[in-house]
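Input: a single structure, listed below in structure tokens.
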Amino acid sequence: MAVAIAGAAETALGRLPHLSELDLHVDAALLALADAGLSLEDVDGVTSAVHNPIDVAHALGVRPTWFDGTSVGGTSFLVHVRHAAAAIDAGQADVVLVLHGESRRSTVGRHPRPIPADGMMGQFELPFGVYGPPTMFTLPYLRYAHATGTTLEQLAAVPARQSEWADGNPRAARSTRVDVAEVLASPVIAWPFTKLMCCMVSDGGGALVLTTAERAKDLRRPPVYLWGAGEAGDSPMVSQMPDLTRAETFERSAAAAFREARITVNDVDHLMIYDAFAHVPLYGLEALGFVGRGEAGGFIADGNTAPGGALPLNTNGGGLRYTHTGMYGMFAIQESARQLRGEAYSQVEGVEVSVVQGVGHFFSEAATLVLANQEPA
């Protein structure tokens, strides 16, 4: 059974101290349902990450017959789309809300996300001063740069090129264009990452409404069809990645999604790669097969992913320029949906197939969605 995104919406973004995380979930749900032309009475499935989906459903006044609380970092929402599609296909649900709300900047009603001292990371990484993404990602990236010859200027080209997409967007946290020199001149956070190579911190939420493709055709908005999806998991610790210079989880999740969708990289018109830090799109372009080993930095620096380039990438500006609430995957899906509907701020002409690549934690988990504005063959 074909499944489609029938509604997609984001809340306000930025600093939102008047809204708790639960408020953001509720706000996003109501906006997405209005977008689809449906009501809470139509909903029989709910998903959320970190927050218990039943808590969220209760706040909405929904009594679901299917729910999913899978929480695997920023890629959780891509996983939820895959799981919800399977539930709809199996007849376990008809209309599913995929929800996200996070008060990362204001920390209002924020659910705790502790790292247990007796867990693997607590035992084997924290004692050595490795804490948080800037320190966890630096050594792997430096090894990648050494192995591939990627330069600092090429790394800085990632946020610089993405700033061209976000330029002037009133919803983008960083809405002005920057060049490579400005990225390199911004304060060093953890070598080699400067401030503009790191995502911002914001509050916000988003929601998707999934239902059958048949039902979606009769609703308010153009359907966005799910052609294929995949997920993969590996080590929960950066220090134990099979290869510090490769996103192997990306390779596996993308291979599954492309196989299910019956596409190759040549069929992709638009690409969203989760980009909490500037190096992740480099890993992603290689892992998904868009470039060869060591070619990603030059590919981006040469303008291939910028406006007018051959492969439009992170067209909302990504987590580096648009928004990043801590779990960014929802916003990557939202931009993909906007591009396929033809209503993005920086709209790409002729987008028919869009791929969304998500990462959870530190390459521990990954999920991939292949979305399109035509029904699958």
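The values are calculated or read from the model by the stated rules, or taken from the named source; none is laboratory data. All of these numbers come straight from a predicted model, not from anything done at the bench. So basically every Cβ, Gly included, is an ideal-geometry build from the backbone, and we count neighbours across all protein chains shown. Only protein heavy atoms, including side chains, enter the accessible area calculation; ligands, DNA and RNA are left aside. Shrake-Rupley method; radii C 1.70, N 1.55, O 1.52, S 1.80 Å.
How many of the residues making up region 110-125 are loosely packed, with under 12 Cβ neighbours inside 10 Å and of a type in the set (A, V, I, L, M)?
The total comes to 1.
Kindly check whether there is at least one residue in region 208-215 that is part of a helix (DSSP H, G or I), open to solvent by less than 10 Å² (accessible area, probe 1.4 Å) and either of a type in the set (Lys, Arg) or touching a residue at least 24 places away in the same chain (Cβ under 8 Å) (or both). Can you show your working first?
First pass over region 208-215, keeping only residues part of a helix (DSSP H, G or I): 213-215.
Retained after the next criterion (residues that are open to solvent by less than 10 Å² (accessible area, probe 1.4 Å)): 213.
From the residues that got through so far, the ones that are either of a type in the set (Lys, Arg) or touching a residue at least 24 places away in the same chain (Cβ under 8 Å) (or both) too are 213.
Scanning region 208-215 turns up at least one residue that is part of a helix (DSSP H, G or I), open to solvent by less than 10 Å² (accessible area, probe 1.4 Å) and either of a type in the set (Lys, Arg) or touching a residue at least 24 places away in the same chain (Cβ under 8 Å) (or both).
So for region 336-343 (the condition being at pLDDT 95 or above, touching a Pro at 6+ places or on another chain (Cβ under 6 Å) and open to solvent by 20 Å² or more (accessible area, probe 1.4 Å)), does at least one residue qualify?
Taking every residue of region 336-343 in turn, at least one turns out to be at pLDDT 95 or above, touching a Pro at 6+ places or on another chain (Cβ under 6 Å) and open to solvent by 20 Å² or more (accessible area, probe 1.4 Å).
Pairs please, first residue from region 340-365 and over 12 Å from VAL268 (Cβ atoms) and among the basic types (Lys, Arg), second anywhere and assigned to a loop (DSSP other than H, G, I, E, B) and modelled with pLDDT of 95 or more, Cβ atoms under 8 Å, 6+ apart in sequence or on different chains.
Filtered contacts from region 340-365: ARG341/ARG221; ARG341/PRO222; ARG341/ASN373.
Please determine, by comparing only the residues of region 344-362 that are within 16 Å of VAL79 (Cβ to Cβ) and at pLDDT 95 or above, which one is farthest from the chain's Cα centre (by Cα). Steps first, answer last, please.
Keep residues of region 344-362 that are within 16 Å of VAL79 (Cβ to Cβ), which gives 355-361.
Add one more test, that the residue is at pLDDT 95 or above, and what stays is 355-359.
On the way: VAL355: 11, VAL356: 7, GLN357: 7, GLY358: 5, VAL359: 7 Å.
Applying the filter and picking the extreme gives VAL355.
Are there any pairs, at least 6 apart or on different chains, whose C-beta atoms fall under 8 Å, with the first in region 56-69 and on the phi > 0 side of the Ramachandran plot and the second open to solvent by 20 Å² or more (accessible area, probe 1.4 Å), and if so, which?
Correct list of pairs: GLY61/LEU40.
Tally time: how many residues in region 305-335 are touching a helix residue (DSSP H, G or I) at 6+ places or on another chain (Cβ under 7 Å), under 13 Å from PRO159 (Cα atoms) and either surrounded by fewer than 24 Cβ atoms within 10 Å (Cβ to Cβ) or not hydroxyl-bearing (Ser, Thr, Tyr) (or both)?
So the answer is 8.
Looking only at residues that are in a helix (DSSP H, G or I) and open to solvent by less than 60 Å² (accessible area, probe 1.4 Å) in region 162-183, which one is farthest from ASP203 (Cα to Cα)?
Quick first cut of region 162-183, residues in a helix (DSSP H, G or I) only: 162-166, 180-183.
If we keep only those that are open to solvent by less than 60 Å² (accessible area, probe 1.4 Å) as well, we get 162-166, 180, 183.
Numbers: GLN162: 21, SER163: 20, GLU164: 23, TRP165: 21, ALA166: 18, VAL180: 27, VAL183: 24 Å.
Looking at the filtered set, the residue picked out is VAL180.
Please enumerate the residues belonging to region 228-265 that are part of a loop (DSSP other than H, G, I, E, B), more than 13 Å from GLU286 (Cβ to Cβ) and at pLDDT 95 or above.
Residues satisfying the conditions are ARG262, ILE263, THR264.
Specify which of the listed residues (ALA93, ALA57, ALA32, ALA36) is buried (at least 21 other Cβ atoms within 10 Å of the Cβ) and within 18 Å of ALA332 (Cα to Cα).
ALA32
Please go through region 126-161 and give me each residue that is over 22 Å from the mean Cα position of the chain (by Cα) and crowded, with 20+ Cβ neighbours inside 10 Å, ordered by number.
Within region 126-161, TYR144, ALA145, THR150, GLN154 qualify.
Name the pairs whose Cβ atoms lie under 8 Å apart, with the first residue in region 173-185 and in contact (Cβ under 8 Å) with a residue 24 or more places away in the chain and polar (S, T, N, Q), the second open to solvent by 40 Å² or more (accessible area, probe 1.4 Å) and assigned to a loop (DSSP other than H, G, I, E, B), and 6 or more positions between them or separate chains?
If the second residue must be open to solvent by 40 Å² or more (accessible area, probe 1.4 Å) and assigned to a loop (DSSP other than H, G, I, E, B), the pairs left are SER175/ASP167; SER175/GLY168.
Is region 121-128 home to any residue that is in a helix (DSSP H, G or I), of a type in the set (Phe, Trp, Tyr) and in contact with a His (Cβ under 8 Å, 6 or more places away or on another chain)?
no
If we scan region 266-283, do we find a residue that is in a helix (DSSP H, G or I) and of a type in the set (A, V, I, L, M, F, W, C)? Break it down stepwise before answering.
First, the residues of region 266-283 that are in a helix (DSSP H, G or I): 266-267, 280-283.
Then keep just the ones that are of a type in the set (A, V, I, L, M, F, W, C); that gives 280, 282.
Yes; the residues of region 266-283 include at least one that is in a helix (DSSP H, G or I) and of a type in the set (A, V, I, L, M, F, W, C).
Restricting attention to region 30-52, report how many residues are part of a helix (DSSP H, G or I), in contact (Cβ under 8 Å) with a residue 40 or more places away in the chain and within 22 Å of ASP89 (Cα to Cα). Give the derivation first.
Residues of region 30-52 part of a helix (DSSP H, G or I): 30-36, 40-42.
Keeping just the survivors that are in contact (Cβ under 8 Å) with a residue 40 or more places away in the chain gives 31-33, 35-36, 42.
Subset that is within 22 Å of ASP89 (Cα to Cα): 32-33, 36, 42.
Summing the residues that are part of a helix (DSSP H, G or I), in contact (Cβ under 8 Å) with a residue 40 or more places away in the chain and within 22 Å of ASP89 (Cα to Cα) in region 30-52 gives 4.
Any residue in region 192-203 that is touching an Asp or Glu at 6+ places or on another chain (Cβ under 9 Å), in contact (Cβ under 8 Å) with a residue 12 or more places away in the chain and farther than 15 Å from LEU155 by Cα? Before you say what the answer is, go through the steps one by one.
Going through region 192-203, the residues touching an Asp or Glu at 6+ places or on another chain (Cβ under 9 Å) turn out to be 196, 199, 202-203.
Then keep just the ones that are in contact (Cβ under 8 Å) with a residue 12 or more places away in the chain; that gives 196, 199, 202-203.
Checking the rest, the ones that are also farther than 15 Å from LEU155 by Cα come to 202-203.
Within region 192-203, one or more residues are touching an Asp or Glu at 6+ places or on another chain (Cβ under 9 Å), in contact (Cβ under 8 Å) with a residue 12 or more places away in the chain and farther than 15 Å from LEU155 by Cα.
Do we have any residue at all in region 141-148 that's farther than 19 Å from ALA276 by Cα, of a type in the set (Ser, Thr, Tyr) and in a helix (DSSP H, G or I)?
Yes; the residues of region 141-148 include at least one that is farther than 19 Å from ALA276 by Cα, of a type in the set (Ser, Thr, Tyr) and in a helix (DSSP H, G or I).
Give me a count of the residues in region 184-207 that are charged (D, E, K, R) and open to solvent by 10 Å² or more (accessible area, probe 1.4 Å).
Result for region 184-207: 1.
Being surrounded by fewer than 21 Cβ atoms within 10 Å (Cβ to Cβ) and in a helix (DSSP H, G or I) is the filter here, so list the residues in region 7-21 that pass it.
Matches in region 7-21: none.
Only one residue in ALA254, ALA216, ALA173 is of a type outside the set (S, T, N, Q) and out of contact with any strand residue (DSSP E or B) (no Cβ under 6 Å at 6 or more places or on another chain). Which one?
ALA173
Filter region 60-70 for residues that are aromatic (Phe, Trp, Tyr) and either surrounded by 20 or more Cβ atoms within 10 Å (Cβ to Cβ) or in contact with a Lys or Arg (Cβ under 7 Å, 6 or more places away or on another chain) (or both) and give the result.
Once the filter is applied, which keeps residues that are aromatic (Phe, Trp, Tyr) and either surrounded by 20 or more Cβ atoms within 10 Å (Cβ to Cβ) or in contact with a Lys or Arg (Cβ under 7 Å, 6 or more places away or on another chain) (or both), region 60-70 yields only PHE67.
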